[in-house]
Amino acid sequence: MLRNIASLVATVAFAAFHAAGAADLNFARVDELTGLKGKLNQKEGVYRVTFPRSDVSIAVDGWKMPPFMGLGTWAAFTKGGHMEAMVMGDTVLFEDEVNPVMSIALENGLSVTALHNHFFFDHPKVYFMHIAGEGSIDDLAGGVRKVYDKIKEVRADSPQPKDSFGTKPLPEKSSISVEPLNRIIGSKGEENNGMVKFTISRPATMHGVKIDKDMGVNTWAAFAGTNDDALVDGDFAVTEDELQGVLKAMRAASINIVAIHSHMAHENPRILFFHYWGRGPAKQLAEAVKSGLLIIGISGVSTTTATN
């Protein structure tokens with residue numbers, strides 16, 4: 001009992017100390033840099049800016065959804081653990097905004113920590129991109145402002161969200177040459193009706209049991225189309241420390257990131273997964289995938305098929 005009380009007292013004391021430190025931050029600069037008027041939660045020491053995504057009408061299952069029901073973009077600032085400040089946020093995006101906005105976030109010192117949907121049968125399709133970062137108030141709020149400005153830029157160019165990548169359909173029959181891709185990736189890919197797939201093991205444990213490729217801990221890349229006009233789709237299994245570097249490498253190669261999330265619970269190390277989609281010459285796409293593999297320290301792949 002005494003131990004529990006001591007723990008509670010310590011927790012309350014730390015929270016009070018943290019809130020007091022956060023109060024010393026220049027939150028007026030957040031308003032100035034983001035162009036929004038925030039609100040301070042004095043108890044938590046958190047300053048939060050938000051705006052409703054009301055520029056495009058969104059329907060969920062045929063119902064016109066008010067932004068109040070879960071279509072608010074926000075960024076929250078507080079005292080940092082290692083630097084002046086920390087930011088966390090959630091950004092409401094349409095499909096044609098996700099990757100341009102993600103690139104801006106990554107280029108301006110923000111981490112992208114999740115990308116997923118919240119609804120079914122929503123039109124246009126809505127995604128939520130979570131961001132985080134530590135640094136100065138100026139750098140963090142400035143980065144957030146650039147993210148929000150990029151959203152406006154995309155919508156100014158096309159007031160209604162686009163419903164495709166804008167590329168022409170692939171040929172009905174694929175004819176990917178496997179050998180050039182084998183050389184780039186560093187192993188022999190599996191062939192199927194002119195398509196090629198590489199599957200890479202990423203061992204982990206769960207509840208003391210080894211889990212590996214066929215239990216779902218794998219990175220994979222599948223190629224279809226022709227050598228000159230191919231698409232690649234796949235899934236990267238990365239640790240928390242690897243995620244940002246691999247995202248940056250893939251976006252630098254113009255690969256579209258379409259989801260970032262977890263697949264498991266209680267795994268060790270913690271594994272995050274991001275799904276991707278790219279279009280271009282097959283060898284160029286393979287080089288993009290290889291750039292991500294080099295960051296996570298993998299130079300070859302397994303050719304045994306995994307179910308995805």
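Charge dipole of region 39-84 (Cα centre as origin; +1 on each Lys and Arg Cβ, -1 on each Asp and Glu Cβ, all else neutral): 140 debye, rounded to the nearest 20.
In this structure, the amide hydrogen of Thr113, modeled 1.01 Å from its nitrogen in the peptide plane, lies closer than 5 angstrom to those of His130, Ile131, Ala132, counting only residues at least 5 positions away or on a different chain.
Restricting the chymotrypsin sites (Phe, Trp or Tyr not before Pro) of region 43-135 to loop positions (DSSP other than H, G, I, E, B) with no more than 11 neighbouring Cβ atoms within 10 Å leaves Phe120, Phe121. Between Trp74 and Lys152, full extension at 0.36 nm per residue minus the direct alpha carbon distance yields a gain of 26.6 nm.
Across region 120-134, rounded Karplus estimates of 3J(HN,Hα) from the backbone phi angles (6.51 cos²θ - 1.76 cosθ + 1.60, θ = phi - 60°) give 10, 6, 9, 9, x, 5, 10, 10, 10, 10, 8, 10, 7, x, 10 Hz, Gly and Pro being marked x. Estimated from the Cβ-Cβ distance and a Förster radius of 25 angstrom, the FRET efficiency linking Arg183 and His263 is about 0.25. The helix-based estimate of mean residue ellipticity at 222 nm for the chain, built from -39,500 (n - 2.57) per DSSP H run of four or more residues and divided by its residue count, is -10500 deg cm²/dmol to the nearest 500. Under the simplified labelling scheme, the His118-His82 pair shows an inter-label distance of 3.0 nm, with each label point 7 Å from Cα along Cα→Cβ. Summarising the label geometry, the points placed 7 Å from Cα in the beta-carbon direction at Asp212 and Gln42 lie 5.9 nm from one another.
Partners of Lys64 within straight-line reach, counting aspartates and glutamates whose Cα lies under 18 Å from its Cα and excluding those fewer than 8 residues away in the same chain: Asp55, Asp122. Here is the list for region 155-261: GluC sites (Glu not before Pro) lying in DSSP coil, each with at most 11 other C-beta atoms within 10 angstrom of its C-beta, are Glu172. Once the Cβ-Cβ distance between Glu287 and Ser54 is put in as r, and R0 is 35 Å, what FRET efficiency do you end up with, to the nearest 0.05? Approximately 0.25, to the nearest 0.05.
Would region 145-184 count as rounded, prolate or oblate if I go by the C-alpha gyration tensor, calling it rounded below 1.5 in a/c and otherwise prolate when a/b exceeds b/c, oblate otherwise? It comes out oblate by the Cα gyration axes.
Of Lys173, Lys290, Lys43, Lys125, the order by accessible heavy-atom surface (1.4 Å probe, DNA, RNA and ligands excluded), from most exposed downward, is Lys43, Lys173, Lys125, Lys290. About its Cα centre, the chain has a charge dipole of approximately 300 debye under the convention of +1 per Lys or Arg Cβ and -1 per Asp or Glu Cβ, with nothing else charged. Comparing Ala76, Ala224, Ala204 in a Gaussian network model of the chain where C-alpha atoms under 10 Å apart are linked, the largest mean-square fluctuation is found at Ala204. Here the calculated FRET efficiency for Asp163 and Arg270, from their Cβ-Cβ distance with R0 = 35 Å, stands at 0.50, rounded to the nearest 0.05. Solvent-accessible area of region 29-129 (1.4 angstrom probe, protein heavy atoms only): carbon and sulfur portion equals 58 percent. To put it simply, the accessible area of region 197-308 at a 1.4 Å probe is 52 percent carbon and sulfur. Amide hydrogen proximity for Thr205: with H placed 1.01 Å from N in the peptide plane, the residues at 5 or more positions away or on another chain lying under 5 Å are Ile211, Asn268.
The solvent-accessible area of Leu294, taken with every protein chain present and a 1.4 Å probe, is close to 110 Å². Couplings 3J(HN,Hα) of region 59-65, computed from phi: 10, 10, 6, x, 9, 5, 8 Hz, in residue order, whole Hz [Karplus 6.51 cos²θ - 1.76 cosθ + 1.60, θ = phi - 60°; x for Gly and Pro]. Taking every protein chain into account, the accessible area of the chain amounts to 52 square angstrom per residue (probe 1.4 Å). Kindly provide log₁₀ I(q)/I(0) values, in the same order as q = 0.12, 0.19 Å⁻¹, from the Debye equation applied to equal alpha-carbon scatterers of region 49-135. Cα-only, vacuum Debye calculation for region 49-135: -0.39, -0.86.
Comparing His207, His275, His130 in a Gaussian network model of the chain, where Cα atoms under 10 Å apart are tied by springs, the biggest mean-square fluctuation is seen for His207. Taken over the C-alpha atoms, the chain has Rg and Dmax values of 22.1, 71 angstrom.
The values are calculated or read from the model by the stated rules, or taken from the named source; none is laboratory data. Keep in mind the model is a prediction, meaning the values are calculated, not measured. We place every Cβ from the backbone using ideal geometry, glycine too, and count neighbours over all the protein chains shown. Note: areas computed on protein heavy atoms with side chains; ligands, DNA, RNA excluded. Shrake-Rupley method; radii C 1.70, N 1.55, O 1.52, S 1.80 Å.
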